[in-house]
Amino acid sequence: IIEEIISRFQDFGCNSFFASINYKSDLIEYYFNQIKNKPYNINFFKENKPSGTAGSLHLLKGQIDSTFFVSNCDILINDDYEAIYEYHKKNNNELTIISAIKDYSIPYGTLITKNEGLLSEITEKPNINFQINTGFYIVEPHLIDEIPQNEFFHITHLIEILLKQKRKVGVFPVSSGSWIDIGVWSEYLKHIKIDN
């Protein structure tokens, strides 16, 4: 999956990668070290213990000085990364979340009530749309300084801090078909074209 993520970035001219590793870190590093003449550069940095989706980013302090993407390694995004980047820069966001539009069908009639349990509205089998956090982000490098050291810290914790301080967090939506969540077994099986 890491190779697939790298491949998608390479399609847009990105050839420099950092990978935060912990579980099976030696195996992952060994695998990539065996690939000869890689057309990209990958640097690994190790968490001593699991530190959340952003906790290890403090280890990159002083190593990244330009806008960068952050991706969970159990998701794939099939979209125009250049357009996402341009949106982020044009809007002067400090952080941009890439969202997926998800449509959910409720197989029942839904009810809205008012005072004393009186019916206000009934909707038969509604469809509801949500924007889902895909686990794919664009981040400005100064935010690395705001990641606490040696603490469990999710990127959503950073987003909450930015929102409380009324700083710019953008959202770039992609279609639900552009986001593949490999962390969900059924989606993984679909991706590798195996019927379950």
(request) At a Cα cut-off below 24 Å, give the lysines reachable from LYS114, other chains included and same-chain residues fewer than 8 away excluded. (result) LYS125
(request) May I ask what percent, to the nearest 5, of DSSP beta bridges between residues of the stretch 1-127 are antiparallel? (result) 45
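A 30 angstrom limit on the alpha carbon distance is what I want to check against. Which of LYS102/LYS166; LYS46/LYS166; LYS90/LYS164; LYS61/LYS164; LYS36/LYS89 exceed it?
Numbers: LYS102/LYS166 27 Å; LYS46/LYS166 32 Å; LYS90/LYS164 22 Å; LYS61/LYS164 24 Å; LYS36/LYS89 35 Å.
LYS46/LYS166; LYS36/LYS89, as the Cα separations exceed 30 Å there.
I need to check one value: relative contact order of the chain, counting alpha carbon pairs closer than 8 Å and at least 6 residues apart, in percent. Please report the intermediate quantities before stating the final value.
Details: 286 pairs, mean separation 52.3, N = 196.
Computed value for the chain: 27 percent relative contact order.
What chymotrypsin sites (Phe, Trp or Tyr not before Pro) does the stretch 135-184 have in DSSP loop regions with at most 15 other beta carbons within 10 Å? Each step should come with its number before you reach the end.
Details: sites: PHE136, TYR137, PHE152, PHE153, TRP179; in loops: PHE152, PHE153.
Counting only loop positions with at most 15 other Cβ atoms within 10 Å, the chymotrypsin sites (Phe, Trp or Tyr not before Pro) in the stretch 135-184 are PHE152.
Could you work out what % of the accessible surface of the stretch 1-152 is carbon and sulfur, using a 1.4 angstrom probe and leaving DNA, RNA and ligands out of the count?
Working: 4580 of 9410 Å².
In the stretch 1-152, the share of accessible area belonging to carbon and sulfur is 49 percent.
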(request) Please calculate the 1.4 Å probe accessible area of SER175, with all protein chains present, and give it to the nearest 10 Å². (result) 60
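Give me the orientation-averaged projected area of the Cα convex hull of the stretch 55-195, in nm², one decimal. Intermediate values should be presented prior to the final figure.
On the way: hull surface 51.3 nm².
Value for the stretch 55-195: 12.8 nm².
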(request) Enter the angle in degrees (range 0 to 90, nearest 10) between the Cα long axis of helix 155-164 and the first principal axis of the Cα atoms of the chain, meaning the one along which they spread out most. (result) 60
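In terms of solvent-accessible area of protein heavy atoms at a 1.4 angstrom probe, what is the ranking of CYS73, CYS14, highest value first? Walk me through the intermediate numbers first.
On the way: CYS73 75, CYS14 45 Å².
Final ranking, largest accessible area leading: CYS73, CYS14.
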(message) With just the Cα atoms defining each centre, how far is the stretch 1-43 from the stretch 129-181? Give it in Å.
(response) 22
(request) Restrict the search to the stretch 15-57; then list the trypsin sites (Lys or Arg not before Pro) that DSSP places in a loop and that have at most 13 other Cβ atoms within 10 Å of their Cβ. (result) LYS24, LYS36
(message) For the chain, what does the helix formula give at 222 nm: sum of -39500 (n - 2.57) over DSSP H segments with n ≥ 4, over the residue count, nearest 500 deg cm²/dmol?
(response) -7000 deg cm²/dmol
(message) Not counting ligands, DNA or RNA, and with a 1.4 Å probe, what is GLU29's accessible surface area in Å² rounded to the nearest 10?
(response) 50
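With the other protein chains left in place, how much accessible area per residue, in square angstrom, belongs to the chain at a 1.4 angstrom probe?
Values: 12300 Å² over 196 residues.
Dividing the accessible area of the chain by its residue count gives 63 Å².
Defining a contact as two alpha carbons under 8 Å apart and six or more residues distant in sequence, what relative contact order in percent does the stretch 4-45 show?
On the way: 26 pairs, mean separation 22.5, N = 42.
Dividing the mean separation by the residue count of the stretch 4-45 yields 54 percent.
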(request) Pull out a ≥ b ≥ c, the square roots of the eigenvalues of the alpha-carbon gyration tensor of the stretch 91-141, then state rounded if a/c is under 1.5, prolate if not and a/b is larger than b/c, and oblate in the remaining case. (result) prolate
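The values are calculated or read from the model by the stated rules, or taken from the named source; none is laboratory data. These figures come from a predicted structure and were not determined experimentally. Here Cβ is always computed from backbone atoms with ideal geometry, including for glycine, and neighbour counts include all displayed protein chains. Protein only, heavy atoms only, side chains kept; ligands, DNA and RNA dropped before computing areas. Shrake-Rupley method; radii C 1.70, N 1.55, O 1.52, S 1.80 Å.
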